[in-house]
Protein chains: 2
Amino acid sequence: MFGAIEAGGTKFVVAVGHINGPDEPPRIIDRAVIPTREPEETLADVLDFFRRQSEKRQEALAALGVASFGPLDLDPESPTYGAITTTPKLAWRGFPLKKRLEAALTVPVAIDTDVAGAALAEATYGAAAGERDVVYFTVGTGVGVGVLSGGRIVHGIGHPEFGHLRVRRLPGDDFPGICPYHGDCLEGLASGPAIRARAGRPAEALSPDDPAWAPVADALAEAVTAVVLLLAPAKVILGGGVMKQRHLFPCIREGVRAKLGGYVAYPALMPGPEGLDAYIVPPGLGDDAGLIGAFELARRALAR
Amino acid sequence: MFGAIEAGGTKFVVAVGHINGPDEPPRIIDRAVIPTREPEETLADVLDFFRRQSEKRQEALAALGVASFGPLDLDPESPTYGAITTTPKLAWRGFPLKKRLEAALTVPVAIDTDVAGAALAEATYGAAAGERDVVYFTVGTGVGVGVLSGGRIVHGIGHPEFGHLRVRRLPGDDFPGICPYHGDCLEGLASGPAIRARAGRPAEALSPDDPAWAPVADALAEAVTAVVLLLAPAKVILGGGVMKQRHLFPCIREGVRAKLGGYVAYPALMPGPEGLDAYIVPPGLGDDAGLIGAFELARRALAR
């Protein structure tokens, strides 16, 4: 039995399940939602869930995967590997999430970002099943990006922070953006709060022909174009609350086509159902992507 | 004995050498420069070099590595794997370089882009020796980018074309750029011909305080910032003819610092000798990086 945690700033989703093979998503046996409070309080409830599940089912955990909010220290050589680092949630700053879980449950624990988990899940069972080069954007309260290259989650000295890309601005658009660090970076232009600040109403309340959408789609198209030029992934997945506005997809695809200007002429980047319509896509696993990614992290931890 | 080819648009550099281990660059026994003409003519001279070397030294080639101009088809599943694709050099378009070399020399042949070869060489023996996450820019007639992630050369459905990144423009700069596809993409602003078009004189003739440099450094800083935000490599290497202007380095480092705006606060990204001065660096292997990368490709081909 594997354990999975999707650790978010407002809730921890915890689950146990079985993994039968690479062609079938994990079968979730039970799950619970734990509100995120102080670290010790939250962790106590998390541990309680896994201990009760093991007892109830008379089955030990084989490994645990965690897809977590961040930023995280993901350098395996670092003394603080698996800890949460400079989060604005002060009580969680420096909290050694991986180490504490390992010490308490005595199983292998694999941790990565929530969005890397979602990328991994989508590339294993979802919209990019079977692909080894995948980029996943989540566009919601913020903009997060997870990257898979050759089947491996990409980190260097840190994990991607591509939500802060300085996109080229749409000519004539002088909205200053809302990122406290950069103003008009991708997140400062295309996140839910940015759309609300621009339009004066939340994204969900805007009609598809509201003029506030054009600069949002353009900023996302800039970021996807940059990803295509640097990594040429097999698939780009756009998820998160903002992307539930499905009318954004055709605008972003057309933006990417125009911005590439015919330079990288792979069939996948041509307009149409076998090209960009299948290349820039919504997630296949819906809201469970992070949790399923956590199971996949657990499976890989055991396989190592 | 290993063979190596650095295949360029004006010349092919061919060499044979021995590789003693990972801590020591390949020992080059002999090399030659062959001018690039029509494919058949050029290939005949290349094959002649390797055959003569084998005879003369009574030693067979174990494997051959090729770091080539492109674009290349690098999809191992493609029927045209290892061929040159849409190059403006019409006679070379579609030329199956890898297959022809394999058929003629009957040794394993590994091929990748010239700039991926340079990245690999620098990460094995050069300015980023021992690092597994490295991005190499070559800034010359064009701008090429090679990416190593987890020690592996990154390709997705194609190889990086990040020279065509649509960088955010320096405010007030209205130079239209010279890229035939995009005008003011990175290559359209920062390549040698772009600098010449802007300044009216070649880059080598400009003094370090010429005002033409500021937008060049800024465009390169935009691209390096994007790379840091997406991949967070352990090292960024800037090579090629334009980067022989060493005064560009401090400007690019300062640009990256300012553009990150304190958001990703790793020690490597702080100003100073242990931070950005050691993070954004010139190549360590000089003009031999491509050729040494070709040897490393050959070594890896044999190890597989």
Could you pull out every one of the lysines with an alpha carbon less than 30 Å from that of B:K89, ignoring same-chain neighbours closer than 8 positions? A:K259, B:K11, B:K98, B:K99, B:K244
Long-range amide H partners of B:I178 with built H, under 5 Å: B:G188, B:L189
For B:D30, what residues show an amide H to amide H distance below 5 Å, using hydrogens built from the backbone and excluding near sequence neighbours? B:V16
Dipole axis of the protein assembly as shown (+1 Lys, Arg; -1 Asp, Glu on Cβ), positive-most option in A:M1, A:V256, A:Y266: A:M1
Given label points at 7 Å from Cα along Cα→Cβ, what nm distances, shortest first, separate A:T10 from the same residue in every other copy? 6.0
Cα-centred dipole magnitude for the protein assembly as shown, charges only on beta-carbon of K, R (+1) and D, E (-1), debye, nearest 20: 240 debye
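Determine the dipole magnitude for chain A: charges of +1 sit on the beta-carbon of Lys and Arg, -1 on that of Asp and Glu, nothing else is charged, the reference point is the Cα centre, and the result goes in debye to the nearest 20.
Numbers: 30 positive and 36 negative charges, 40 e Å.
Roughly 200 debye for chain A.
Provide the gained length on full extension for the span A:E77 to A:R57, in nm with one decimal, where the gain is 0.36 nm per separating residue minus the Cα-Cα distance. Write out the running numbers ahead of the final one.
On the way: separation 20, 0.36 × 20 = 7.20 nm, distance 3.58 nm.
Additional length available on full extension: 3.6 nm.
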Measuring label to label, 7 Å along Cα→Cβ, what does B:D23 give against each other copy in nm, shortest first? 4.9
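When you have a sec, figure out the Kirkwood radius of chain A from all distinct Cα pair distances and drop it here in Å to one decimal?
Details: mean 1/r = 0.0503 Å⁻¹.
Its Kirkwood hydrodynamic radius stands at 19.9 Å.
How many Cβ atoms of partner chains, on average, are near each residue of B:256-268 if near means within 10 Å of its Cβ?
Working: counts 0, 0, 0, 4, 5, 8, 2, 10, 9, 4, 5, 1, 3.
Across B:256-268, the average partner-chain Cβ count within 10 Å equals 4.
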Report, as an integer, the average count of C-beta atoms from other chains found within 10 Å of each Cβ along B:159-167. 6
Within segment B:72-105: backbone nitrogen closer than 15 Å to the A:A265 label point (7 Å, Cα to C-beta): B:72-73, B:84-95
Name the residues whose placed amide hydrogens come within less than 5 Å of the amide hydrogen of A:L74, ignoring near sequence neighbours (fewer than 5 apart) on the same chain. A:G82
Spelling out what I want: for every residue of segment B:56-71, take phi, set θ = phi - 60°, compute 6.51 cos²θ - 1.76 cosθ + 1.60 (Karplus), and round to whole Hz; glycine and proline get x. 4, 9, 6, 9, 6, 6, 8, 6, 10, x, 10, 9, 10, 4, x, x
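With an 8 Å cut-off on Cα pairs and a minimum separation of 6 or more residues, tell me the relative contact order of chain B in percent. Working shown, then result.
Values: 622 pairs, mean separation 63.2, N = 304.
Taking the mean separation of contacting Cα pairs over the length of chain B, I get 21 percent.
Give, in whole angstrom and from largest to smallest, the semi-axes √(5λ) of the equivalent ellipsoid of segment A:127-282, with λ running over the eigenvalues of the Cα gyration tensor. Show your work: numbers first, answer last.
On the way: eigenvalues 115, 64, 41 Å².
Semi-axes, largest first: 24, 18, 14 Å.
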Among B:177-185, B:235-243, B:88-96, how do they line up by average Cβ neighbours within 10 Å per residue, starting with the highest? B:235-243, B:177-185, B:88-96
Starting at the first residue of segment B:201-214, write each ³J(HN,Hα) from the Karplus equation 6.51 cos²θ - 1.76 cosθ + 1.60 with θ = phi - 60°, in whole Hz, x for Gly and Pro. 9, x, 3, 5, 8, 8, 6, x, 9, 5, x, 5, 6, 4
Can you report the principal axis dimensions of the protein assembly as shown using only the alpha carbons, biggest first, rounded to whole angstrom? 75, 57, 50
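What does DSSP give for chain B in terms of the percent of beta bridges that are antiparallel, rounded to the nearest 5? It would help to have the intermediate numbers written out before the result.
Working: 25 of 43 bridges.
Taking every DSSP beta bridge within chain B, about 60 percent pair in antiparallel fashion.
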Using a label point 7 angstrom from Cα along Cα-to-C-beta, what distances in nm, from shortest up, separate B:D173 from the other copies? 2.2
Kindly write out, for segment B:177-191 in residue order, the coupling ³J(HN,Hα) from the Karplus curve 6.51 cos²θ - 1.76 cosθ + 1.60 (θ = phi - 60°), rounded to whole Hz, with x marking Gly and Pro. x, 10, 5, x, 8, 10, x, 9, 6, 3, 5, x, 10, 10, 6
Partner chain coverage, peptide A:230-238 - average Cβ within 10 angstrom: 5
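Laboratory data are not the source of any read-out in this text; all were calculated from the coordinates shown. Note that the structure is predicted; figures quoted are calculated from it, not measured. When we count neighbours, we look across all protein chains shown, and the Cβ atoms used for this are built from the backbone with ideal geometry, even at glycine.
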